[in-house]
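Chemist: One structure, pasted below without further comment.
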Amino acid sequence: MFNPTNYAITPHSVGPWVGGVLIAMLGIAVLVRERGSRVSLTLCLLTISCAIWLLSAGTLYSTLHEPLALWWAKAEHFGVVFIPSLLLIFTLAFVQRVHEFRAVAWGSLVVSGLLYVSVLATDRFITGVYHYAWGYYPRYGPLSLPFLVFFFSLLLGSIRFLWIEHTRAVHGIPRHRVKALLIALGIGYWGAVDFLGAYGIPFYPFGYVAVLGFVVLMFVAVWRYRLLEITPALAAEQIIDTMADALLVLDHEGTVRAANQAAFQLFGYPKAEIVGKPIAATLGNLFGKETLKALADTGVMREYETDYCTQQGKILTLDIMGSVTRDLVGYPLAFVFITRDVTERKEAEEALRKAKTELAHVTRVMTMGEMVASIAHEITQPLTAVLTNGQACLRWLARESPNLDEAREAVRHIIQDGSRAGEVIQRIRALVKKTESESAWLDINGVIHEVIDLTHSEILRNHVVLRTDLADGLPAVLGDRIQLQQVLLNLVINAIEAMSTVEYRRRELLVTSHRDESDGVVVSVCDSGVGLNSQEIDRLFDAYYTTKPHGLGMGLSISRSIIQAHSGRLWATANDGRGATLHFALPTVQPRVP
Amino acid sequence: MSEAEPTIFVIDDDPSVRQSLESLIKSVGWRVRIYGSAPEFLGSGHLDAPGCIVLDVRLPGLSGLDLQQALLRAKSHLPVIFITGHGDIPMSVQAMKAGAVEFLPKPFREQDLLDALKLALDRDRTTRQQRAELAALRTRYDSVTPREQQVMGLLVTGLLNKEIAATLGVSEVTIKVHRSQIMQKMQADSLANLVRMAERLGIPASKS
């Protein structure tokens with residue numbers, strides 16, 4: 001076999017040899033360029049099987065004796081039979097569907113192996129050799145037919161996978177890459193013309209030309225687009241090191257297997273004290289057995305906030321996320337915890353919330369200040385009634401024959417009016433008191449009535465006619481009574497002020513509530529005032545925007561943030577006729593039956 | 001309702017205040033009627049009844065001041081006492097100029113209200129009496145013939161019978177007859193009395 005006298009090199013050998021060397025170089029180049037990836041490995045295997053075919057074929061043409069030619073023909077087929085299965089596996093790796101078709105991939109390899117066994121062990125596949133003008137050539141027997149079926153089925157299968165990927169791929173590099181691969185394969189498969197010679201048809205085997213085309217196109221494609229998608233797994237180490245959040249990976253026994261630099265800094269332990277040690281020794285409070293068990297049951301842990309005291313005694317607020325990696329039967333293998341220090345964010349949120357509460361309170365007090373005359377009137381009325389009834393009572397008793405019935409009636413009214421005055425004062429005190437937000441299930445119509453009672457005098461004083469149209473049977477809304485009163489108070493006062501310059505028309509204020517399928521409960525305050533143009537509607541809710549000469553421009557801005565904090569929305573519309581309407585919608589969730 | 005007994009009409013939109021005033025006024029022994037709004041009172045047909053009105057300045061729709069103007073236009077002479085929860089000065093000035101008896105800021109001392117009520121009722125009684133007298137006087141004056149009215153006009157200027165006779169170109173006897181007719185018809189027992197009646201009727205003293 002290695003005796004040079006058995007060979008006479010013909011020009012026909014050069015083409016396949018060059019093709020074989022180039023395709024092998026392609027495979028190795030890709031493997032080097034994209035080291036470590038499954039795709040480049042399978043492509044390399046495919047190119048090597050092609051190289052075995054081409055190099056052996058080239059040698060076969062230069063062989064002088066028939067037995068040696070038969071040996072090289074069989075050697076050549078060690079490459080040929082594996083080309084379809086390796087191509088399929090490469091395609092599956094490329095479209096990232098190996099896991100789905102693992103059995104098909106292994107099956108194709110086994111079939112290829114069996115086919116090669118039949119090449120070696122029987123003379124039913126390769127029955128002998130032809131001698132053509134370009135040299136010796138294998139002669140196929142009946143067993144070659146199943147091989148051809150296998151060969152073309154896997155070819156079509158591979159092209160189909162690529163086609164699906166092509167239609168699915170979004171524009172850009174992934175799509176270009178699939179397209180380039182499809183074209184390269186389309187050309188490379190012209191190499192199949194080499195089968196003709198094996199059935200006695202003296203067709204020159206220029207398959208190496210197709211393979212060379214394949215090589216060139218693949219080189220271009222790999223050069224331009226790369227084969228490999230950069231996945232997180234590729235850069236896992238860099239990601240872990242770059243992470244600002246602390247990472248801890250625990251095994252199922254609670255031993256720390258990995259941690260990053262951020263973790264050492266956050267928890268204040270050096271690497272040696274954490275990694276490889278049971279978590280209970282260091283951070284047992286944070287990641288105790290119960291936590292691991294709960295995580296193992298639920299599979300994921302999100303938005304879990306907890307306080308943690310560092311070794312330096314600093315209290316931190318931590319946001320911990322966790323997930324589980326499981327083995328094939330679902331047993332937890334590892335627990336991954338990502339911990340973020342949200343102390344500063346929490347403090348900022350708290351400060352912002354406090355500032356908002358403060359601001360809401362200030363504007364509330366200012367609103368009440370504007371209404372002080374009207375509020376005084378609200379107390380004056382029952383007080384007047386109390387005093388008058390008291391005097392009347394004395395007089396009924398002081399009569400020659402005291403009228404006890406009338407006296408009793410007067411006292412009854414005194415009690416009623418006294419409690420009415422008390423209610424007014426309580427309501428005002430609640431509005432001017434600085435309170436934390438408190439959520440409760442509320443009847444929105446009740447809130448509306450309270451605000452209307454409070455603004456009754458203000459409405460009268462401004463010669464406004466108030467109408468209400470409140471729907472019955474509205475579902476309860478979850479909210480803070482005082483804050484919602486503030487919003488409504490603000491809307492009503494604004495509406496009254498908007499009508500203060502209206503002289504020759506009715507000043508009409510309409511307050512309605514109704515149920516809205518999409519929005520829950522909607523409350524609208526409609527005035528017949530000067531109205532709003534579209535530009536004003538756009539800017540209405542901006543802070544410091546005001547149309548009033550003495551306004552601060554905070555009222556609606558705060559009202560909107562209050563409504564948004566209630567997961568609702570506040571908006572304005574211009575009326576068909578005159579004036580404007582402000583609406584707010586609050587979501588309704590049926591309270592759970594206790 | 002009897003013409004003689006006065007009624008106090010309370011108009012306030014606040015039910016508590018309304019009720020308490022009703023009780024207080026009743027306890028003093030006066031008659032009282034309560035109304036929730038100005039139109040309600042205007043429609044009640046009591047605009048000419050004897051009595052007075054206790055009126056809240058701020059009423060929804062037609063305000064207290066508006067009602068006061070409406071009463072003046074309707075020639076209702078019911079005295080008005082204003083009560084208000086917002087003692088604002090411009091309003092009280094306006095109310096007093098339009099003839100209100102009193103302007104009481106809430107909460108008021110009950111004695112102030114009762115005093116004001118008494119004053120208002122007295123004023124109502126007096127003006128009512130004066131108007132009745134004037135009406136009677138006018139009826140009497142209407143029964144005097146035109147010629148006699150002419151004589152009366154000269155008489156109240158202080159002319160003697162003969163001067164009147166000379167002025168009118170008739171005999172002194174004729175004037176004497178006219179004079180006794182006038183004194184009888186006007187139920188005047190002296191010339192001085194007749195002069196006062198003429199003043200009240202606004203009869204101008206004729207010159208010739």
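Chemist: Can you give the helix-only mean residue ellipticity at 222 nm for chain B, where every DSSP H stretch with n ≥ 4 adds -39500 (n - 2.57) and the sum goes over all residues, rounded to the nearest 500 deg cm²/dmol?
Modeler: -17500 deg cm²/dmol
Chemist: Next question, about the same structure. Quick one: go through the stretch A:205-219 and flag any residue whose amide nitrogen is under 11 Å from the point 7 Å out along the Cα-to-Cβ line of A:W190.
Modeler: Output list for this probe position: A:206-214.
Chemist: While we're looking at this one, here's another question. With r as the distance between the Cβ atoms of B:K75 and B:T157 and R0 = 41 Å, compute the FRET efficiency 1/(1 + (r/R0)^6) and round to 0.05.
Modeler: With R0 = 41 Å, the Cβ-Cβ based efficiency is 0.80.
Chemist: Between A:E273 and A:E237, what FRET efficiency follows from the Cβ-Cβ distance if R0 is 22 Å, with the result rounded to 0.05?
Modeler: It comes to 0.50.
Chemist: A follow-up question, please. Would you tell me the accessible area of A:T306, worked out with a 1.4 angstrom probe on the heavy atoms of the protein chains, in Å² to the nearest 10?
Modeler: Solvent-accessible area, nearest 10 Å²: 30 Å².
Chemist: How many nm separate the modelled label positions at A:R97 and B:L201, each set 7 Å beyond the Cα in the direction of the Cβ?
Modeler: Distance between the two pseudo-spin positions: 12.4 nm.
Chemist: Still on this structure: What is the Å³ per residue value for the convex hull set by the Cα atoms of the stretch A:356-433?
Modeler: 55 Å³
Chemist: Please state, rounded to one decimal and in Å, the Kirkwood hydrodynamic radius that chain A gives when every pair of distinct Cα atoms enters the mean of 1/r.
Modeler: 33.2 Å
Chemist: Angle, helix A:372-398 long axis vs. longest principal axis of chain A, Cα atoms, 0 to 90°, nearest 10?
Modeler: The two axes meet at around 40 degrees.
Chemist: Taking the full set of protein chains and a 1.4 angstrom probe, give the accessible area of B:I164 in square angstrom, rounded to the nearest 10.
Modeler: Accessible area of B:I164: about 0 Å².
Chemist: Below 28 Å Cα-Cα, how many Lys pairs turn up in chain B? Only count pairs eight or more apart in sequence, or on different chains, if you could.
Modeler: Final tally of qualifying lysine pairs is 14.
Chemist: Determine the relative contact order of chain B: mean sequence separation of Cα pairs under 8 Å and six or more apart, normalised by residue count, in whole percent.
Modeler: For chain B, the relative contact order is 14 percent.
Chemist: Roughly how crowded by other chains is peptide B:12-19, in terms of the mean Cβ count from those chains within 10 Å of each of its Cβ atoms?
Modeler: 6
Chemist: I'd like the distance between the alpha-carbon centres of the stretch A:459-479 and the stretch A:46-115, rounded to an integer number of Å.
Modeler: 84 Å
Chemist: Excluding A:E347 itself, calculate the net charge of residues whose Cβ lies under 12 Å from the Cβ of A:E347, where each Lys or Arg counts +1 and each Asp or Glu counts -1.
Modeler: 0
Chemist: Under Stokes-Einstein, with the Kirkwood radius over Cα pairs standing in for Rh, what whole-number D in µm²/s applies to the stretch B:143-201 at 20 °C and 1.002 mPa s?
Modeler: The calculation lands on 190 µm²/s.
Chemist: Ignoring everything but the protein chains, give the 1.4 Å probe accessible area of A:K314 in square angstrom, nearest 10.
Modeler: 120 Å²
Chemist: Hey, another quick one. May I ask for the distance between the Cα centers of the stretch B:159-194 and the stretch A:272-337, given as a whole number of Å?
Modeler: Result: 127 Å between the Cα centres.
Chemist: Let me ask something else about it. I'd like the distance separating the alpha-carbon centroids of the stretch A:157-224 and the stretch B:52-88, in whole Å.
Modeler: Using only Cα atoms to place each centre, the spacing works out to 102 Å.
Chemist: Another one. Below 16 Å, Cα to Cα, which lysines can A:K433 reach? Residues fewer than 8 away in the same chain don't count.
Modeler: A:K354, A:K356
Chemist: Sequence gap at least 6, Cα distance under 8 Å: using those rules, report the relative contact order of chain A to the nearest whole percent.
Modeler: The value is 7 percent.
Chemist: Can you tell me what percent of all Cα-Cα pairs in the stretch A:439-586 are more than 27 Å apart?
Modeler: In whole percent, the share of Cα-Cα pairs in the stretch A:439-586 beyond 27 Å is 16.
The values are calculated or read from the model by the stated rules, or taken from the named source; none is laboratory data. None of these values were measured; they are calculated from a predicted model. Virtual Cβ from ideal backbone geometry, glycine too; neighbours counted across all protein chains shown. Ligands, DNA and RNA are stripped out before the accessible areas are found, and what is left, the full protein with its side chains, is counted by its heavy atoms. Shrake-Rupley method; radii C 1.70, N 1.55, O 1.52, S 1.80 Å.
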